[in-house]
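To start, the structure itself, in structure tokens.
The values are calculated or read from the model by the stated rules, or taken from the named source; none is laboratory data. Note that the structure is predicted; figures quoted are calculated from it, not measured. Cβ placement follows ideal geometry from the backbone for every residue including glycine, while neighbour counts extend to all protein chains displayed.
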């Protein structure tokens, strides 16, 4: 599928909405603090996560992607102590039916190749995501 076709499909979907317009939808980025990434590195990793999660959502949960795109694309970043916490959150999210996306670093700059840098949850209903990540501090 070409980029034009993909963009058209996600911006003009032809299906019935399952998410109400008044329902708040967001994407949550859980950052692995153990890696001591610099601000620029975190920004790059979150950017990778946003793109990957958006593409995945377009394939798996287009109704949530449509709701997220049409309500301002809310995103928040929160901190987690280490990769083990990210993995536990990922397991809980998957159990709750929330779309998850992981980002592992290529190892070209600050951190070792394969390091789990960011866990992305959603896009999904804000209330659902808050039950999973509400206890984490904002970045």
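Tell me whether the range 35-44 contains one or more residues that are more than 21 Å from residue 110 (Cα to Cα), surrounded by 18 or more Cβ atoms within 10 Å (Cβ to Cβ) and at pLDDT 95 or above.
No.
Anything in the range 25-53 that is assigned to a helix (DSSP H, G or I) and touching a residue at least 12 places away in the same chain (Cβ under 8 Å)? List them, or say none. Result: 33, 34, 35, 41, 42, 45, 46, 48, 49, 50, 52, 53. The set of residues in the range 90-106 being assigned to a helix (DSSP H, G or I) and in contact (Cβ under 8 Å) with a residue 24 or more places away in the chain consists of 90, 92, 93.
Quick grid of which residues meet (1) modelled with pLDDT of 95 or more; (2) at negative phi:
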{"residue": "64", "(1), (2)": "no, yes"}
{"residue": "97", "(1), (2)": "yes, no"}
{"residue": "115", "(1), (2)": "yes, yes"}
{"residue": "130", "(1), (2)": "yes, yes"}
{"residue": "135", "(1), (2)": "yes, yes"}
